[in-house]
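Here, each number is a calculation from the coordinates, and none is a lab measurement. Worth saying up front: this structure is predicted, and the values here are computed from it rather than measured. Cβ sites come from the backbone with ideal geometry, for glycine too, and all protein chains shown count toward neighbours.
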């Protein structure tokens, strides 16, 4: 609020001189006020409630204001006609904290009165300052109060809390009953917009979270300002509609939160001897020791006491956000509707949908159906898929069910498939944030409760552990459109990351150990994974992946900061520990998010660049060493035993023959169970020379082909896939020492042929075998399909780049092609390679949107390609792919 | 009093900091910087895009020390920051005329 300048305490005539002869001169008032202040403080420290303390402070201020005002009128020999004093803001609401300002308005009947009384007003303020009150005053005529000062919204908002203090009561009545109701009605849209604006700015300044390690109990989200803003919104919105929008239970929670935060704020003011509202670690410990705000006198651990703080802060913040985001009221028949729902088994929504979007928020179409947890989770899945948050009303309804046992929920056990859907979507943070607010996150993942609102003292971290964890996820989903340059490199990594669900589960669990009595939090987090994996029934491979990511979640950051990332030996050692490109991608995203969420400045552009450099170097290391690291089967004792255990009567020698010579990546990207299945196919090669396995995956299908190596094999397989209208997204082509190839293709079924006609799978496999065995030609299959697809213009143009590298491999020439992806591309490349008699030793095929990124290790007659052959190949491919 | 500015490899920072602490030097200013001397940058190709790193990441340490400590500090930095490879960084020394502690206005070496 814009106020008159505070009077100087030093120059001018001492006020007591002007009040000489008064029955209560300043020399008496000052010590009296100070003694009363001390008494109030002692009583607070002895256990008097904050509410009582605020009331006493307010009465003390009122008493002195009225007394000094009366004395000055007497000294100046005039009456109060045409002048009155109003308390505004917190003082107006009778919430005057020990070192808060007294917001006082001098209301003047007209400008003439203002001229006459200026010396009196000035002396009044100075006198209050001199007896220890911090005055923040403003003067307005009645006429001026009618006008809306658009650059001074704070003043108008403070006026909402007006209270008569002293002076011309009739003047106040005029203002209160006539002038302001009319102007406030007119100014309602302006005031609402200003509350929204000021509140949003404040919340943003504090990162939109209540979970600060050292919160400001006035300004932070969840602080007293949230309460104040809620009161204003209620005043404006509810008065207009003439309805009550808060249940009695919510009022009760809110009152408890205000009492708790008021106690803290009084304590902070007294401890700091000034209007400083930061709840520092030191004062958290002191407050916990005296069970501040709890009242039972039993000392708590600071972390436990802070959980109480966050619980209350969450109440105030949630109420505020509900008013901010949702202007429309919900009828109070909600409870009845929910109760009726619980009695009815029917939960089918109209039109088969459970949600709709209104004002950019997800609403539950059928509120009663929310007692069925399966429907509630489908709402969260929709939020995670679309990035549309649940409305506060939808959250409120879910919250109501959660806290009312007479509305028993159905289907409370979430399946891993359902949770995967939420975690693996583009915006998992949107759903998880909402689930956390409602307490559902800990129902789904009880391990997360160990870090709920947990303060761990740390020089760098700014947020509680749970808030840090959720922020990691939000920073990843932000990569859909990164807000600054730090995220730019990581956008494609996020967009193409596989098994994001496992990455997000890792982020939820990676710091859970901080809430456990263990020396190293990673050990605790891994124990939490054990219990979560068992309950959610993760597969051994899924659990192993999350285990790796949790166990190594600090490795990439440590390597960036403590190793020379431009040293090939560092990169090689790091790559060896990470094992696969896919895992590197997840670890890099995890590290990016983890550093970013420590505090807003922790991920400097410098660190982001270092992290990216390590990623690129390690990724290239994987591509360039594919055929260098070959398996020597007898060294893989444990794997041999695991495969043998699944492979029945096979001998170790047989398994060794199968594995010998595969690139090490083969082990890294396939589980023991998959290798055992491949081995079973390998054993059948003697009777059926082309073995295939076709599996439906989350994003399409995967095809594994085992057969003896032969010219143009890769081109032929990719040609059959193209002929069937399949678009290859990823592929690995490996060969063992005995010349058996094992190619895996991950593809999208563009025309839904296999998806809609399961019987076509067998025909597809037969078609592939026939072409590979020379029983059917490839060309007719390809002709119509590929030409039709090529006719479509690409949305994004990717320039073709072909690079050769003779240095990375001792035996092969590495060729990397980056080009526009299109159906049949791999067949075109493979055919060109076959025509020029290039043998594919290893291939790694990937796509990123419209870009195909393919790496081939090639030989010609068993040797690296000659320079002439490389140039010819470049020319042919450039001609084919343009 | 001398001011020491040391540009070192990020990977050596923790070791240098610990070694300086061992000889009683706690106070320093640390900045993440980029640059190059004789060690030029390099180019990485990733997924068809060239990423040229011509300004390499380094850490800059700055500290002002009493004359008596300067040689020990320089020796310590040399010993712990050196890997023997190009790009290990540099140390710059310059004379400082005055130091003033803002809190109590102490001056000279007492302010360090």
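Rounded to 0.05, the FRET efficiency of the residue B:15 and residue A:289 pair, given R0 = 45 Å and the Cβ-Cβ distance, is 0.65. Here the stretch A:59-182 has an Rg and Dmax of 13.7, 38 Å, counting Cα atoms alone. Here chain A carries DSSP beta bridges of which approximately 90% are antiparallel, counting only pairs with both residues inside.
Taken over the protein assembly as shown, the alpha-carbon convex hull comes to 229 cubic angstrom per residue. Against the main long axis of the alpha-carbon atoms of chain A, helix A:373-386 sits at an angle near 80°. The three principal axes of the C-alpha atoms in the stretch A:145-292 carry coordinate ranges of 51, 35, 34 Å, sorted with the longest axis first.
Taking other C-beta atoms within 10 Å as the exposure proxy, A:819, A:209, A:141 rank A:141, A:209, A:819 from fewest upward.
Over the stretch B:2-111, what is the relative contact order in percent, taking alpha-carbon pairs closer than 8 angstrom and at least six residues apart? Spell out each step's value before the answer.
Working: 169 pairs, mean separation 44.9, N = 110.
With pairs under 8 Å counted, the relative contact order is 41 percent.
Once the gyration tensor of the Cα atoms in the stretch A:139-181 is diagonalised, the equivalent ellipsoid follows with semi-axes of 18, 11, 9 Å, ordered largest first. If R0 equals 51 Å, the separation of the Cβ atoms of residue A:415 and residue A:638 corresponds to a calculated FRET efficiency of about 0.95.
How high is the FRET efficiency between residue A:152 and residue A:602 when r is their beta carbon distance and R₀ equals 41 Å, given to the nearest 0.05?
On the way: r = 38 Å, r/R0 = 0.92.
So the FRET efficiency works out to roughly 0.60.
Helix A:428-438 and the long axis of chain A differ in direction by around 40°, with both axes built from C-alpha atoms. Expressed as an acute angle from 0 to 90° and rounded to the nearest 10, what is the orientation of the C-alpha long axis of helix A:50-75 relative to the principal long axis of chain A? Helix A:50-75 sits roughly 40 degrees off the main axis of chain A.
Ranked by the mean number of other Cβ atoms within 10 Å of their residues, highest first, the peptides A:307-313, A:110-116, A:82-88 come out as A:82-88, A:307-313, A:110-116.
Among A:756, A:772, B:55, A:423, rank each residue by its count of other Cβ atoms within 10 Å, from fewest to most, as a rough exposure measure. Can you show the working numbers first?
On the way: A:756 9, A:772 21, B:55 12, A:423 24.
The fewest-first ordering by Cβ neighbours comes to A:756, B:55, A:772, A:423.
Helix-only arithmetic for chain A: the sum of -39500 (n - 2.57) across DSSP H runs with n ≥ 4, divided by the residue total, places the mean residue ellipticity at 222 nm at -16000 deg cm²/dmol. Hey, quick one: spin label on residue A:738, modelled 7 Å out along Cα-Cβ, who in the stretch A:693-715 has an amide N within reach, i.e. under 13 Å? The answer is A:707-709, whose backbone nitrogens lie closer than 13 Å to the label point. Annotation: extensible slack from residue A:49 through residue A:783 equals 255.8 nm (criterion: 0.36 nm per residue apart, minus Cα-Cα distance).
Sort A:706-713, A:868-875, A:724-731, A:661-668 by packing, meaning the average of other beta carbons within 10 Å per residue, with the highest value first. Mind showing how you got there, number by number?
Details: A:706-713: 17.1, A:868-875: 15.5, A:724-731: 21.8, A:661-668: 20.0.
Ranking the peptides A:706-713, A:868-875, A:724-731, A:661-668 by packing returns A:724-731, A:661-668, A:706-713, A:868-875.
The label point for residue A:458 and the one for residue A:169, both projected 7 Å from the Cα toward the Cβ, are 6.0 nm apart.
The spread of Cα positions in the stretch B:2-111, taken along each principal axis and listed from longest to shortest, comes to 59, 27, 21 Å.
Once both labels are positioned 7 Å from their Cα atoms along Cα-to-Cβ, the gap between residue B:109 and residue A:485 label points is 4.4 nm. Spin-label model, residue A:651/residue A:866: points 7 Å from Cα along the beta carbon direction are separated by 4.5 nm.
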